[in-house]
Amino acid sequence: MRIGILGTGTLAAALGEAWAHAGHDLVIGGRSRDRAERLARRLGDGALAAPPREAATERDAVLLAVSWDGADEMLALAGASDGVLEGTPLIDPTNAVSHGEGVLLTDPGESMARRIARSAPGAHVVKAFHLFPADQWTSRPTDGRPTDVRPPVTVAMCGDHPAALHVTGDLVRAAGAEPAVLGGLDRVHQLEQVAGFVIGLAFTGADPNSAIPRVAS
Ligand SMILES: NC(=O)c1ccc[n+]([C@@H]2O[C@H](COP(=O)([O-])OP(=O)(O)OC[C@H]3O[C@@H](n4cnc5c(N)ncnc54)[C@H](OP(=O)(O)O)[C@@H]3O)[C@@H](O)[C@H]2O)c1
């Protein structure tokens, strides 16, 4: 796939590494051209750096890997209001969550994914990849265990467009996880709240996994 990555930080690098290893073509667009070039060089495997608009144009999928409060600015740089992302699966991994406490910073009834959909008219927004720390996707996570011996994880996703969910599902598998669709964007606030739940519990010192009942699938 031809994938655009908007953002040059920790998550862009981690998913970029996984997707480059899986053989996908990556174009990195950051507000800093220097950082985009540095990341593209680090990823190797033919990854390129380009201005955000070019990185977002004619891609099979675009990952918006920026801080939640930079999403609108990055989408503007990518030309989203001119329709550059029309029909493109736009993967939203953002967490608008207060550091440590896990309180959601979006307005009541609002979600980042819907906000992003409004700022990128015609884009096929899929919420995904927001729940796991970035090193889940790297070959050498901080726990030192390589990807092939880590327990399998499920990436829960929401989106309104079956084709975009399909493409994102393929990218989830390329990163070594299994995709699961919770529902459309009308349910995305549930997924975004889970991030707040996990971060909030982890901050109290509890293991969030231990707070979820084991339910047979
Ligand atoms: N890291 C994780 O473990 C993780 C896991 C799940 C989800 N996420 C989510 O993924 C997103 C990226 O996280 P990250 O850890 O990669 O963050 P990060 O390392 O801090 O990188 C943030 C990126 O956002 C860009 N950015 C910030 N404000 C911007 C603006 N106004 N306009 C354009 N670009 C802007 C930064 O550009 P500059 O370098 O130029 O400042 C940088 O490329 C966040 O929404 C985060 O909640 C992260």
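I'm trying to understand the selection: among the residues of the stretch 184-197, which are without any contact (Cβ under 8 Å) to a residue 60 or more places away in the chain and either within 26 Å of Asp207 (Cβ to Cβ) or over 17 Å from the mean Cα position of the chain (by Cα) (or both)? Across the stretch 184-197, the qualifying residues are Asp186, Arg187, Gln190. Scanning the stretch 11-59 for residues that are farther than 21 Å from Pro89 by Cα and hydroxyl-bearing (Ser, Thr, Tyr) turns up just one, Ser32. Consider Ala18 carefully, then state whether it is over 23 Å from His166 (Cβ atoms) and either in a helix (DSSP H, G or I) or within 17 Å of the chain's Cα centre (by Cα) (or both). It is false that Ala18 is over 23 Å from His166 (Cβ atoms) and either in a helix (DSSP H, G or I) or within 17 Å of the chain's Cα centre (by Cα) (or both). Every condition in (1) over 20 Å from Ala61 (Cβ atoms); (2) surrounded by 14 or more Cβ atoms within 10 Å (Cβ to Cβ); (3) of a type in the set (A, V, I, L, M, F, W, C) holds for Ala211 except the one numbered (2). In the set (1) in a helix (DSSP H, G or I); (2) near the ligand (Cβ under 9 Å from one of its atoms), Glu37 fails one condition alone, (2). Among the candidates Ala174, Ala123, the residue that is closer than 25 Å to Leu43 by Cβ, buried (at least 20 other Cβ atoms within 10 Å of the Cβ) and either touching a helix residue (DSSP H, G or I) at 6+ places or on another chain (Cβ under 6 Å) or not β-branched (Val, Ile, Thr) (or both) is uniquely Ala123. Scanning the stretch 84-106 for residues that are on the phi > 0 side of the Ramachandran plot and buried (at least 22 other Cβ atoms within 10 Å of the Cβ) yields a count of 0.
Within the stretch 107-116, the set of residues being buried (at least 18 other Cβ atoms within 10 Å of the Cβ) and more than 13 Å from the chain's Cα centre (by Cα) comprises Ser111, Arg114, Arg115. Of the residues making up the stretch 40-64, those that are assigned to a helix (DSSP H, G or I), among the basic types (Lys, Arg) and closer than 24 Å to Phe132 by Cβ number 1. What are the residues in the stretch 40-73 that are more than 15 Å from the ligand (Cβ to nearest atom), among the basic types (Lys, Arg) and within 22 Å of Glu86 (Cβ to Cβ), if any? Residue satisfying the conditions is Arg59 alone.
In the stretch 92-143, the qualifying residues are those that are in contact with a Pro (Cβ under 7 Å, 6 or more places away or on another chain) and under 26 Å from Ala80 (Cβ atoms), and the one that is nearest to the ligand (Cβ to nearest atom) is His130. Pairing each residue of the stretch 53-75 that is among the hydroxyl-bearing types (Ser, Thr, Tyr) with any residue that is more than 7 Å from the ligand (Cβ to nearest atom), provided the two are 6+ apart or on different chains, yields C-beta distances under 8 Å for Thr57/Gly4; Thr57/Gly79; Thr57/Val84. Within the stretch 1-34, restricting attention to residues that are free of Cβ contacts under 8 Å to residues at least 24 places away in the same chain and within 14 Å of the ligand (Cβ to nearest atom), the residue that is farthest from Gly87 (Cα to Cα) is Asp34.
Please tell me if Pro179 is away from the ligand (no atom under 14 Å from the Cβ), modelled with pLDDT of 95 or more and outside any helix (DSSP H, G or I).
Yes.
The values are calculated or read from the model by the stated rules, or taken from the named source; none is laboratory data. Keep in mind that this is a model prediction, so the values were computed, not measured. FYI the Cβ positions are ideal-geometry reconstructions off the backbone, even for glycines, and counts take in every protein chain you see.
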